[in-house]
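So that we are looking at the same thing, I have put the structure below in structure tokens.
The values are calculated or read from the model by the stated rules, or taken from the named source; none is laboratory data. Just so you know, these numbers come straight off a predicted model, no measurement behind them. Cβ: placed from backbone, ideal geometry, glycine included. Neighbour counts: every protein chain shown. Side chains included, ligands, DNA and RNA excluded: accessible areas come from the protein's heavy atoms. Shrake-Rupley method; radii C 1.70, N 1.55, O 1.52, S 1.80 Å.
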Amino acid sequence: MDLSIIIVNYNVKEFLQQAVTSIRQAGRSLDCEVIVVDNASADGSVELVREKFPDVKLIANAENRGFAVANNQAMKIARGDFILLLNPDTIVQENTFSVIVDYFRQHPDCGMVGCKILNPDGSLQLACRRSFPTPWVALTKIVGLSRLFPRSKLFGKYNLTYLDPNENYEVEAISGSFMFFRREVMEQIGYLDESFFMYGEDLDWCFRVREAGWKIYYLPDTQIIHFKGESSKKSDTDLILQFYRAMKLFVEKHYQNRYFHVPQWLLMAGISARALLTFVSRLINYLLPGIIDWLLLNLSLALAIFVGIYLRFQFFPLQAYLPVMMVYSLIWIFCLILSDAYYHSKFSSLRAAQGVLLGLIFNASLTFFFNQYAFSRAVVLSASVFSVVTLAGWRFAVKLLARFKKLPFLGSLGNALLGRKAIIVAVPEDGTAIAEKLRQSVDAGYDILGLVTPTQQAPGDSSRQLTMLGALENLDSIISRTGAREIIFATEGVSFDKILHIISRTSRKDVTFKLVPRSMDVIIGKASIEYIGDLPLVDIQYRLSQPRNRIAKRIFDIFVAVALLIVFLPVFFYLIVFKGARCEKKIIVGPLEKNIPVCFFKGKKLTERQKKLPLLGAVLLGRISLVGAPFVFLNENKNFQAADLKPGVTGLAQISRNTSGTAEDIERYNQFYMKNYSIQSDVEILIKALFRI
């Protein structure tokens with residue numbers, strides 16, 4: 001047998017399916033076997049292999065025995081002249097196996113080969129060629145010199161960043177996600193060291209391969225995609241600890257007696273320092289919104305003291321008030337936590353405002369019960385106003401910058417409200433099916449720009465509900481023209497070879513590439529799996545059906561409608577007196593097919609917004625809501641059913657750009673809104689409707 005391909009899997013079923021599918025296409029010209037070792041996955045991986053890949057040799061472990069142990073289990077039964085250890089979160093090019101086997105046969109001194117490994121955005125995954133962590137190499141990595149001077153041979157040895165990634169050369173180590181080696185190597189040096197549970201076993205094996213006299217080569221003539229190239233940054237604390245424990249074990253095993261002039265404790269200290277730095281950076285990233293809020297709260301208090309005391313008494317006792325400011329700001333932070341301003345809704349301006357107002361109640365109470373911590377209530381009130389503006393303002397600024405691609409948006413509202421501009425690459429039939437599933441998944445927030453086909457197609461019209469943007473060969477120009485940020489490939493109609501070629505050729509940092517497997521139930525992307533199946537609409541208790549939420553929504557409508565009527569009163573006068581605006585009565589259909597009379601302005605040269613101003617009166621009377629279902633005018637549209645949701649001046653369906661406007665789409669948005677209703681969502685929708693962001 002030519003080749004044995006070994007995959008160790010743990011709870012990545014969808015990735016595994018893609019990997020095995022790509023392996024089948026790449027192994028057509030060779031006599032291959034595939035061995036999958038499952039480390040007690042709980043996601044149905046074993047059942048998937050048995051059902052869809054019955055020819056695959058499966059070893060199903062009852063417990064997670066670690067990466068090294070699992071690979072050794074498979075290597076003991078492998079029959080190939082060459083063996084490949086492959087991660088399940090990879091996709092191989094169709095010529096990968098044949099190119100590397102030919103290289104082995106032409107270079108008898110070569111014991112192991114690694115290929116070019118790409119991240120999902122097309123960039124090079126640096127770990128695909130690297131050096132051993134000698135004291136100097138480790139030091140340049142730990143202190144960041146390798147990042148500051150990547151082109152320097154002196155400082156860039158860790159990932160060989162000073163070498164051309166498109167050239168072939170001998171290296172010290174390659175990535176464990178793709179390790180291609182001769183059977184003779186395994187027979188000579190033995191199996192992976194099972195002391196390494198996860199991480200480090202690949203580096204250790206490369207070290208032993210070179211000590212045995214074999215050469216290791218980096219071969220960029222073929223390439224793969226590794227979807228979890230950044231998993232160490234996103235993994236949980238236990239996996240990070242495993243990584244640094246593996247580095248410690250590697251140093252103790254290979255360098256203890258090699259570098260007498262470098263004390264071992266110094267190497268251990270460097271590894272420990274790097275681990276500590278990783279944890280600290282993750283902690284800072286997690287706490288950053290709270291740190292920003294705490295600083296702004298203290299700034300608001302200082303400003304309130306200045307305005308309330310200094311301008312009146314020409315005295316600014318800031319130093320004396322610092323302990324008191326600490327107490328007040330910490331109470332506010334606690335109230336922000338209670339308002340969920342740091343977990344699910346860290347970029348919600350409304351949550352921040354709610355937390356500040358809740359803190360105002362607590363802090364104002366201090367003036368009655370704790371005189372030693374008492375501010376003037378005017379100072380507390382002023383600080384609250386400043387805090388609402390600043391805390392809500394920076395969150396809104398983040399979302400605004402994200403909308404214009406100035407910042408990578410991290411919050412969940414970026415999907416549903418800001419939209420995710422996406423292009424589907426597929427044959428027309430598959431593209432239409434994928435687009436329909438994406439539209440059904442309202443919370444995913446995809447804005448489908450159109451379809452790119454593997455071959456040139458005749459441009460479609462709007463009745464097809466999916467615009468034909470062009471052929472795959474013009475994808476770069478299509479991305480630039482449309483501003484797309486996500487490219488979704490359907491693997492049914494586009495070969496893995498083409499997908500890999502496109503990703504490697506594009507190499508754009510601002511574009512994410514994703515795959516939809518043949519089942520079309522999931523999207524596989526950068527270190528993530530996103531389910532796009534139908535929304536569950538059975539046995540759901542809508543939040544808007546709860547009495548307290550209906551009352552809150554009505555109070556919110558009245559408050560905002562009154563405020564807007566006062567603000568726009570001069571506009572009403574101007575439109576009626578100078579523009580000749582007159583009321584035009586129309587009947588819209590409400591819940592339970594109830595007829596609702598509303599008034600629009602009618603007149604020449606009136607904008608759409610000006611025509612809708614009288615609707616504020618209907619909101620005040622309770623006939624319609626500020627945020628609700630789209631208007632359905634009586635006797636004008638027979639295609640739409642009456643919605644269960646009260647009609648609204650605007651709404652989620654009205655502002656969403658990825659809806660085709662069918663009755664099913666609108667009903668889906670209405671149900672999603674009722675299910676997830678909150679005052680916050682109404683505020684966000686109104687902001688987007690007003691400012692078109």
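Kindly indicate whether Val143 is modelled with pLDDT under 90 and surrounded by fewer than 17 Cβ atoms within 10 Å (Cβ to Cβ).
yes
Quickly run through the range 104-137 and pick out the residues that are β-branched (Val, Ile, Thr) and touching a strand residue (DSSP E or B) at 6+ places or on another chain (Cβ under 7 Å). Reasoning before the result, please.
To start, the set of residues in the range 104-137 that are β-branched (Val, Ile, Thr) comprises 113, 117, 134, 137.
Val113, Ile117 - these are the residues of the range 104-137 that are β-branched (Val, Ile, Thr) and touching a strand residue (DSSP E or B) at 6+ places or on another chain (Cβ under 7 Å).
Suppose we keep only residues that are farther than 15 Å from Leu616 by Cβ and part of a helix (DSSP H, G or I) within the range 562-598. Which one would you say is modelled with the lowest pLDDT?
Checked the range 562-598; the qualifying residue modelled with the lowest pLDDT is Leu592.
Next question, about the same structure. Scanning the range 123-133 for residues that are more than 21 Å from Val99 (Cβ to Cβ) and over 21 Å from the mean Cα position of the chain (by Cα), which turns out surrounded by the most Cβ atoms within 10 Å (Cβ to Cβ)?
My answer is Pro133.
Right, another one. Looking at this structure, is Ala397 farther than 24 Å from Ala341 by Cα and either modelled with pLDDT of 60 or more or under 24 Å from the mean Cα position of the chain (by Cα) (or both)? If you could, list the steps in order and put the result at the bottom.
On the way: farther than 24 Å from Ala341 by Cα: no; either modelled with pLDDT of 60 or more or under 24 Å from the mean Cα position of the chain (by Cα) (or both): yes.
Answer is no for this residue.
On the given criteria, is Arg151 under 30 Å from Asp2 (Cβ atoms) and either open to solvent by less than 20 Å² (accessible area, probe 1.4 Å) or charged (D, E, K, R) (or both)?
Numbers: under 30 Å from Asp2 (Cβ atoms): no; either open to solvent by less than 20 Å² (accessible area, probe 1.4 Å) or charged (D, E, K, R) (or both): yes.
For Arg151, the condition - under 30 Å from Asp2 (Cβ atoms) and either open to solvent by less than 20 Å² (accessible area, probe 1.4 Å) or charged (D, E, K, R) (or both) - is not met.
Look at Ser175 and say whether it is part of a loop (DSSP other than H, G, I, E, B) and at pLDDT below 90.
So Ser175 fits the description; yes.
When you go through (1) in contact (Cβ under 8 Å) with a residue 60 or more places away in the chain; (2) within 23 Å of Phe181 (Cα to Cα); (3) open to solvent by 10 Å² or more (accessible area, probe 1.4 Å); (4) outside any loop (DSSP other than H, G, I, E, B) one by one for Glu14, which number turns out not to apply?
Checking Glu14 against (1) in contact (Cβ under 8 Å) with a residue 60 or more places away in the chain; (2) within 23 Å of Phe181 (Cα to Cα); (3) open to solvent by 10 Å² or more (accessible area, probe 1.4 Å); (4) outside any loop (DSSP other than H, G, I, E, B), the one that fails is (2).
What's the number of the only condition in (1) surrounded by fewer than 18 Cβ atoms within 10 Å (Cβ to Cβ); (2) at pLDDT 85 or above that Val262 fails to meet?
(2)
Do you know which of the residues in the range 606-634 that are open to solvent by 30 Å² or more (accessible area, probe 1.4 Å), within 24 Å of Ala663 (Cα to Cα) and assigned to a helix (DSSP H, G or I) is modelled with the lowest pLDDT?
Per the stated criteria, the residue is Glu608.
Out of Glu608, Glu584, Glu593, report the one residue that is free of Cβ contacts under 8 Å to residues at least 24 places away in the same chain and under 42 Å from the mean Cα position of the chain (by Cα).
From the options Glu608, Glu584, Glu593, the qualifying one is Glu608.
So, one more: Just checking, does the range 521-541 include any residue being more than 16 Å from Leu613 (Cα to Cα), at pLDDT 55 or above and open to solvent by 60 Å² or more (accessible area, probe 1.4 Å)?
Among the residues of the range 521-541, not one is more than 16 Å from Leu613 (Cα to Cα), at pLDDT 55 or above and open to solvent by 60 Å² or more (accessible area, probe 1.4 Å), which makes the answer no.
I've got another one for you. Condition check: open to solvent by 20 Å² or more (accessible area, probe 1.4 Å), among the charged types (D, E, K, R), closer than 26 Å to Gly190 by Cα and touching a Cys at 6+ places or on another chain (Cβ under 8 Å). Does Asp2 satisfy that?
Yes, satisfied.
Right, another one. Which pairs turn up if I take residues in the range 162-183 that are closer than 21 Å to Val101 by Cβ and in contact (Cβ under 8 Å) with a residue 12 or more places away in the chain and look for partners that are open to solvent by 50 Å² or more (accessible area, probe 1.4 Å) and in a loop (DSSP other than H, G, I, E, B) with beta carbon separation below 6 Å, at least 6 apart in sequence or on another chain?
Arg183/Asp81
Please specify each residue of the range 573-587 satisfying the condition of being surrounded by 13 or more Cβ atoms within 10 Å (Cβ to Cβ) and among the aromatic types (Phe, Trp, Tyr).
Matches in the range 573-587: Tyr574 only.
Hey, among Leu350, Leu287, Leu277, which residue is open to solvent by less than 40 Å² (accessible area, probe 1.4 Å), part of a helix (DSSP H, G or I) and at pLDDT below 85?
Within the list Leu350, Leu287, Leu277, the selection yields Leu350.
Can you find a residue in the range 100-122 that is among the aromatic types (Phe, Trp, Tyr), in a loop (DSSP other than H, G, I, E, B), open to solvent by less than 40 Å² (accessible area, probe 1.4 Å) and closer than 24 Å to Ala212 by Cβ?
No, the range 100-122 contains no residue that is among the aromatic types (Phe, Trp, Tyr), in a loop (DSSP other than H, G, I, E, B), open to solvent by less than 40 Å² (accessible area, probe 1.4 Å) and closer than 24 Å to Ala212 by Cβ.
With the structure loaded, tell me whether Gly493 is modelled with pLDDT under 75, small (Gly, Ala, Ser) and open to solvent by less than 10 Å² (accessible area, probe 1.4 Å) or whether it fails that test. So that I can check it myself, show each step before the final result.
On the way: modelled with pLDDT under 75: yes; small (Gly, Ala, Ser): yes; open to solvent by less than 10 Å² (accessible area, probe 1.4 Å): no.
Against the criterion (modelled with pLDDT under 75, small (Gly, Ala, Ser) and open to solvent by less than 10 Å² (accessible area, probe 1.4 Å)), Gly493 does not qualify.
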